[in-house]
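A.B. asks: Handing you this structure, nothing more for now.
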Amino acid sequence: MEINFILNNESITADVNPAIVVLDYIRKNEHLTGTKEGCKEGDCGACTVLVGELKDDKVIYKSINSCLYPLGNVNGKHVVTIEGFNLEGSSVDRNLNSIQEEFLIEGASQCGFCTPGFLVSLNGYFLTNENRDLEGAIDSMDGNICRCTGHNSIIRAAENVITKFKNTGSSVASLIEAKLIPEYFITITERLTKLKAFPRGSVGTRSFESNGQTNGNAGGSTFYVGGGSDLFVQKPELMIDSNIKFLNNIPELSFVKVVDGICKMGSTTTVTDILSSKEISGSLKDLKKFIELFGSTPIRNSATVGGNINNGSPIGDMTAFFMALNSTIVLTNGMEFRRIPLKEYYTGYKQTQKKPSEYMHSIEFKIPTGNYHYNFEKVSKRTFLDIASVNTGILINFEDKIISEIHISAGGVFATPLYLKNTVEYLTGKELNLFTIKEAVSIAEMEIAPISDARGSSDYKKLLLKRLLFAHFITLFPEKINVSETI
């Protein structure tokens with residue numbers, strides 16, 4: 001199939017397998033070797049590129065891990081590698097942009113392997129943020145790792161850039177004048193507007209769509225892909241030989257809206273979309289701080305709600321978030337729709353009720369009202385950017401001091417993401433006190449069946465869930481319980 005996009009300043013028509021990841025295409029086909037392959041898991045950031053998409057007559061850029069992002073997802077978009085940020089000039093001139101110059105001055109490149117990723121991420125921060133500060137600049141590089149431990153010099157370079165260009169306007173013309181980006185960026189909006197992309201929903205001669213909406217029951221022959229951040233870690237070779245359907249080519253699947261008190265999210269809504277959603281920040285203000293624990297910025301920019309839920313991982317953070325909100329999955333075969341409660345969606349390890357002919361259209365949940373409390377807890381080897389050993393979410397509502405509604409999710413303690421049904425039934429209708437909390441935790445221990453694996457032994461995971469359940473109540477109701485009473 002043909003994929004049409006702009007790569008730096010070049011218009012590209014690529015007649016290749018769209019399941020090839022962007023990293024492999026730009027290095028092997030276009031010989032742009034500044035972008036590096038490090039971990040091939042989206043953890044080190046050496047492969048970082050920017051992807052710009054035209055929205056409301058403006059190009060919106062996001063950093064992504066090109067080692068996990070299928071080429072089919074950049075159709076009709078602008079891809080910027082480290083080479084694309086060099087200012088125009090002959091190859092013998094030092095045509096570095098202003099950010100690259102500061103890295104040079106501060107010696108922020110040691111072996112140099114990670115440097116392109118840091119530079120792309122920081123350039124992306126200036127392209128996408130008008131209100132800039134050092135904290136934001138550093139956060140924009142949270143998906144990049146320097147194995148030479150040269151982070152201090154990188155931070156100094158970022159501080160210099162912020163000091164000099166903090167108040168530089170966000171327009172392309174202003175950024176060009178400050179020598180932060182090359183002049184060709186002024187043409188990108190018009191070129192993307194004219195770029196002949198595939199018809200909406202079309203994916204070429206092979207059906208090509210996926211972040212991970214696959215169904216193990218289907219034998220693995222067809223994959224629906226959103227961002228690809230899970231499937232292209234687990235089974236990249238299989239993806240090359242499979243029938244891929246790119247859901248990102250269906251714009252109608254990316255949305256966040258609230259209708260009559262019901263929040264609805266399209267399956268290709270990214271984690272970043274949730275973080276930036278006014279609907280979510282206005283209705284579930286606490287959700288943002290929990291979602292910030294989900295991966296790095298490039299992963300959040302590509303990982304989709306549908307992919308995270310449909311990969312069926314027992315420790316998926318999104319699943320834990322939304323199961324605690326008593327959410328409903330909306331499936332479709334393109335013509336008909338059916339709804340399944342998320343707590344009933346999983347039938348076995350990485351198995352769901354989704355039929356081979358279906359993909360996830362959206363997820364929806366009732367916006368909590370009244371005297372409600374929501375919390376999420378997670379234990380992982382690193383606080384940020386890491387997969388959980390155990391995670392859990394809770395939503396609890398009261399009427400006259402009595403628990404009128406409660407939902408609790410638990411991940412990493414069963415073959416599937418688990419809804420603690422018996423624990424919920426016990427707590428519903430009761431007054432919250434130390435006795436009921438301890439009883440609830442004991443009931444929860446009877447509902448789980450964790451296995452020993454690389455993230456911990458079965459006994460360790462049982463202990464983790466017990467402590468995290470107590471943490472819910474200690475965090476939300478410190479007047480009811482304290483740490484010493486849980487020992």
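A.B. asks: Kindly list the number of the only condition in (1) in contact (Cβ under 8 Å) with a residue 40 or more places away in the chain; (2) surrounded by fewer than 21 Cβ atoms within 10 Å (Cβ to Cβ); (3) in contact with a helix residue (DSSP H, G or I) (Cβ under 8 Å, 6 or more places away or on another chain) that fails for I403.
C.D. replies: (1)
A.B. asks: Identify the residue in region 42-72 that is basic (K, R) and touching a helix residue (DSSP H, G or I) at 6+ places or on another chain (Cβ under 9 Å) and, among all such residues, is nearest to F113 (Cα to Cα).
C.D. replies: K62
A.B. asks: A further question follows. What number of residues within region 1-55 are under 19 Å from E237 (Cα atoms), modelled with pLDDT of 95 or more, of a type outside the set (V, I, T) and open to solvent by less than 40 Å² (accessible area, probe 1.4 Å)?
C.D. replies: Here the count works out to 4.
A.B. asks: May I pose another question? Could you give me the residue pairs with C-beta distances under 8 Å whose first residue belongs to region 260-273 and is among the basic types (K, R), whose second residue is at pLDDT 95 or above and open to solvent by less than 10 Å² (accessible area, probe 1.4 Å) wherever it lies, and which are 6+ apart or on separate chains?
C.D. replies: Sorted first by the residue in region 260-273, then by its partner, the pairs are K264/S362; K264/I363.
A.B. asks: Okay, next question. If you check every pair at least six apart or on different chains, which have Cβ atoms under 6 Å apart with a residue in region 425-441 that is at pLDDT 95 or above first and a residue that is in a helix (DSSP H, G or I) and polar (S, T, N, Q) second?
C.D. replies: K430/T436; A440/T423
A.B. asks: Same structure again: Out of the residues in region 327-361 meeting the condition of being in contact with an Asp or Glu (Cβ under 8 Å, 6 or more places away or on another chain) and outside any strand (DSSP E or B), tell me which one is surrounded by the most Cβ atoms within 10 Å (Cβ to Cβ).
C.D. replies: Ranking the candidates gives S327 first.
A.B. asks: Continuing with the same structure: Can you pull out the residues in region 452-487 that are modelled with pLDDT under 90 and among the hydrophobic types (A, V, I, L, M, F, W, C)?
C.D. replies: Selection gives A454, I481, V483, I487.
A.B. asks: State the number of residues belonging to region 135-160 that are open to solvent by 50 Å² or more (accessible area, probe 1.4 Å) and assigned to a helix (DSSP H, G or I).
C.D. replies: Selection size over region 135-160: 8.
A.B. asks: May I ask you to verify whether L469 is more than 18 Å from K381 (Cβ to Cβ), within 27 Å of the chain's Cα centre (by Cα), open to solvent by less than 70 Å² (accessible area, probe 1.4 Å) and hydrophobic (A, V, I, L, M, F, W, C)?
C.D. replies: So L469 fits the description; yes.
A.B. asks: Residues of region 280-300 being assigned to a helix (DSSP H, G or I), buried (at least 16 other Cβ atoms within 10 Å of the Cβ) and not polar (S, T, N, Q), which ones?
C.D. replies: Once the filter is applied, which keeps residues that are assigned to a helix (DSSP H, G or I), buried (at least 16 other Cβ atoms within 10 Å of the Cβ) and not polar (S, T, N, Q), region 280-300 yields I280, L287, F290, I291, P298, I299, R300.
A.B. asks: Return the pairs, sorted by first residue and then second, in which the second residue is hydrophobic (A, V, I, L, M, F, W, C), the first residue lies in region 133-156 and is at pLDDT below 90, the beta carbons are less than 6 Å apart, and the residues are 6+ apart or on different chains.
C.D. replies: C148/C111
A.B. asks: Looking at this structure, is K378 of a type outside the set (G, A, S), surrounded by fewer than 17 Cβ atoms within 10 Å (Cβ to Cβ) and either more than 28 Å from G143 (Cα to Cα) or touching a strand residue (DSSP E or B) at 6+ places or on another chain (Cβ under 6 Å) (or both)?
C.D. replies: No; evaluated as a whole, the condition is false for this residue.
A.B. asks: What are the residues in region 249-279 that are within 14 Å of the chain's Cα centre (by Cα) and either of a type in the set (F, W, Y) or assigned to a helix (DSSP H, G or I) (or both), if any?
C.D. replies: Hits for region 249-279 are V271, T272, D273, I274, L275, S276.
A.B. asks: Right, here's the next one. When only residues in region 218-248 that are in a helix (DSSP H, G or I) and open to solvent by less than 10 Å² (accessible area, probe 1.4 Å) count, which is farthest from D56 (Cα to Cα)?
C.D. replies: Restricting to residues being in a helix (DSSP H, G or I) and open to solvent by less than 10 Å² (accessible area, probe 1.4 Å), the top hit is M239.
A.B. asks: Looking at (1) under 22 Å from H373 (Cα atoms); (2) touching a strand residue (DSSP E or B) at 6+ places or on another chain (Cβ under 9 Å); (3) surrounded by fewer than 19 Cβ atoms within 10 Å (Cβ to Cβ), can you tell me which one Y426 breaks?
C.D. replies: Failing condition for Y426: (2).
A.B. asks: For region 111-134, does any single residue satisfy the condition of being open to solvent by 40 Å² or more (accessible area, probe 1.4 Å), of a type outside the set (K, R) and at positive phi?
C.D. replies: No, there is no match, as no residue in region 111-134 is open to solvent by 40 Å² or more (accessible area, probe 1.4 Å), of a type outside the set (K, R) and at positive phi.
A.B. asks: Pull up region 362-373, narrow it to residues that are within 18 Å of K264 (Cβ to Cβ) and part of a strand (DSSP E or B), then point me to the one that is most open to solvent (accessible area, probe 1.4 Å).
C.D. replies: K366
A.B. asks: Moving on. Has region 424-443 got any residue that is under 21 Å from G348 (Cβ atoms) and either out of contact with any Cys (no Cβ under 9 Å at 6 or more places or on another chain) or assigned to a loop (DSSP other than H, G, I, E, B) (or both)?
C.D. replies: No: region 424-443 contains no residue that is under 21 Å from G348 (Cβ atoms) and either out of contact with any Cys (no Cβ under 9 Å at 6 or more places or on another chain) or assigned to a loop (DSSP other than H, G, I, E, B) (or both).
A.B. asks: Let me ask another. Those residues that are open to solvent by less than 40 Å² (accessible area, probe 1.4 Å), within 15 Å of I402 (Cβ to Cβ) and small (G, A, S), I need them from region 429-448; list them, please.
C.D. replies: A440
A.B. asks: Further, regarding this structure: Would you tally the residues in region 62-73 being touching an Asp or Glu at 6+ places or on another chain (Cβ under 9 Å) and open to solvent by less than 20 Å² (accessible area, probe 1.4 Å)?
C.D. replies: The number of residues fulfilling the criteria is 6.
The values are calculated or read from the model by the stated rules, or taken from the named source; none is laboratory data. All of these numbers come straight from a predicted model, not from anything done at the bench. With ideal geometry, Cβ positions are generated from the backbone for all residues, glycine too; neighbour counts draw on all protein chains shown. Heads up: the accessible areas ignore ligands, DNA and RNA and are worked out on the full protein's heavy atoms, side chains in. Shrake-Rupley method; radii C 1.70, N 1.55, O 1.52, S 1.80 Å.
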